[in-house]
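Data block below; observations after.
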Amino acid sequence: MVISEKVRKVLNDQLNREIYSAYLYLSMAAYFDAEGFRGFARWMKKQAQEELTHAMKFYEYIYNRGGRAELNSIEKPPAEWDSVKNAFEAALKHEEFVTRSIYEILELASEEKDHATVSFLKWFVDEQVEEEEQVRGILGLLEKANGQISVIFQLDRYLGQKE
Ligand code: FEO
């Protein structure tokens, strides 16, 4: 069954959000690199790559359902944050926003009785739990560091080595 225009449009908006997520995390990586936090930067670069794979999942799914992906403008992300902690707070806020968008699309797909899209989105529902948990974990450690630069650098080194 070919995808409805209504569902295609919201999936396409999500494709754009995923690319924006990659842009935002790459911008955070550039901020961390500029501040000398190579480990946090590396972690964010990996996140950015992961976001591009999410975007591609939406692209392929739209195609597989007989639709066409449209590439719209990508918003310019912020480039500066007040601190490492502040950047990770922004990352968590962004992931929560992405989770809400996935839920909204899922609700729409359910209303439209588009079971294939509901099934496709389930992977993203689980992925969002994991993504939020990862950022929340780092944020928790940053809160414990309480601004102590030596502890923040230790965490930077740890994340820089983490697979
Ligand atoms: Fe693709 Fe981090 O959500």
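The values are calculated or read from the model by the stated rules, or taken from the named source; none is laboratory data. Predicted, not measured: the structure shown is a model, and the values here were computed from it. All Cβ positions, even for glycine, are placed from backbone atoms using ideal geometry, and neighbour counts span all protein chains on display. Just the protein is used for accessible areas: all its heavy atoms, side chains included, with ligands, DNA and RNA removed. Shrake-Rupley method; radii C 1.70, N 1.55, O 1.52, S 1.80 Å.
Contour minus end-to-end for residue 123 and residue 35, with contour as 0.36 nm per residue of separation and end-to-end as the Cα-Cα distance? Mind showing how you got there, number by number?
On the way: separation 88, 0.36 × 88 = 31.68 nm, distance 3.50 nm.
Roughly 28.2 nm would be gained on extension.
For residue 70 and residue 132 in the same chain, what is the full-extension length gain: residue separation times 0.36 nm, less their Cα-Cα distance, in nm?
Once the chain is fully extended between residue 70 and residue 132, it gains 19.6 nm.
Please list, or write none, the lysines whose alpha carbon is within less than 17 Å of the alpha carbon of residue 9, excluding same-chain residues fewer than 8 places away.
57, 113
List the pairs from 93/162; 76/144; 122/144; 46/144 whose alpha-carbon separation is above 27 Å, in the order I gave them.
On the way: 93/162 23 Å; 76/144 32 Å; 122/144 34 Å; 46/144 24 Å.
In this structure, 76/144; 122/144 lie more than 27 Å apart at Cα.
Which distance in nm do the two modelled labels at residue 13 and residue 46 give, with both placed 7 Å along the Cα-to-Cβ direction?
Inter-label distance under the simple model: 3.3 nm.
Round to the nearest 0.05 the FRET efficiency obtained for residue 143 and residue 113 when R0 = 41 Å and r is the Cβ-Cβ distance.
Working: r = 44 Å, r/R0 = 1.08.
Once rounded, the FRET efficiency stands at 0.40.
Give me the extension gain from residue 96 to residue 5: residue separation times 0.36 nm, minus the current Cα-Cα distance, reported in nm with one decimal.
Details: separation 91, 0.36 × 91 = 32.76 nm, distance 2.62 nm.
This chain segment gains 30.1 nm when fully extended.
According to the square roots a ≥ b ≥ c of the eigenvalues of the Cα gyration tensor, what is the shape class of the chain, taking rounded for a/c under 1.5, prolate for a/b larger than b/c otherwise, and oblate for the remainder?
Values: a/c = 2.77, a/b = 2.21, b/c = 1.25.
Prolate is the answer for the chain, as a/c is 1.5 or above and a/b outweighs b/c.
May I ask for the distance between the Cα centers of region 86-107 and region 18-72, given as a whole number of Å?
14
Report, in degrees rounded to the nearest 10, the 0 to 90 angle that the Cα long axis of helix 5-35 makes with the longest principal axis of the chain.
10
With the contact rule set at Cα under 8 Å and sequence spacing of 6 or more, what percent relative contact order holds for the chain? It would help to have the intermediate numbers written out before the result.
On the way: 153 pairs, mean separation 48.8, N = 163.
Relative contact order, the chain: 30 percent.
Round to a whole number: what % of the accessible area of the chain belongs to carbon and sulfur, probe 1.4 Å?
Values: 4920 of 9260 Å².
Carbon plus sulfur share of accessible area: 53 percent.
Against the longest principal axis of the chain, how steep is helix 38-64, in degrees 0 to 90 to the nearest 10, with axes from Cα atoms?
0
For region 96-140, which GluC sites (Glu not before Pro) are both in a DSSP coil and crowded by at most 16 other Cβ atoms within 10 Å?
Numbers: sites: 96, 104, 107, 111, 112, 127, 130, 131, 132, 133; in loops: 112.
For GluC sites (Glu not before Pro) across region 96-140 that sit outside H, G, I, E and B with at most 16 neighbouring Cβ atoms in 10 Å, the list reads 112.
Placing unit charges on C-beta atoms (Lys and Arg positive, Asp and Glu negative, everything else neutral), compute the dipole magnitude of region 1-40 about its Cα centre in debye, rounded to 20. Before the final figure, lay out each step's value.
Working: 5 positive and 5 negative charges, 45 e Å.
Charge dipole of region 1-40: 220 debye, to the nearest 20.
Modelled label-to-label distance, residue 83 and residue 53, 7 Å Cα→beta-carbon offset: nm?
In this crude spin-label approximation the distance works out to 3.3 nm.
Could you tell me which trypsin sites (Lys or Arg not before Pro) in region 57-121 are loop residues by DSSP with no more than 16 other beta carbons within 10 angstrom of their beta carbon? Please report the intermediate quantities before stating the final value.
On the way: sites: 57, 65, 68, 85, 93, 100, 113; in loops: 65, 68, 113.
Within region 57-121, the qualifying trypsin sites (Lys or Arg not before Pro) (loop, at most 16 other Cβ atoms within 10 Å) are 68, 113.
How much accessible area per residue does the chain have, in Å², with a 1.4 Å probe? Don't skip to the answer; put the middle values down first.
Numbers: 9260 Å² over 163 residues.
So the chain comes to 57 Å² accessible per residue, rounded to a whole number.
Relative to the longest principal axis of the C-alpha atoms of the chain, give the angle of the C-alpha long axis of helix 84-111, reported between 0 and 90° and rounded to the nearest 10°.
Value to nearest ten degrees: 10.
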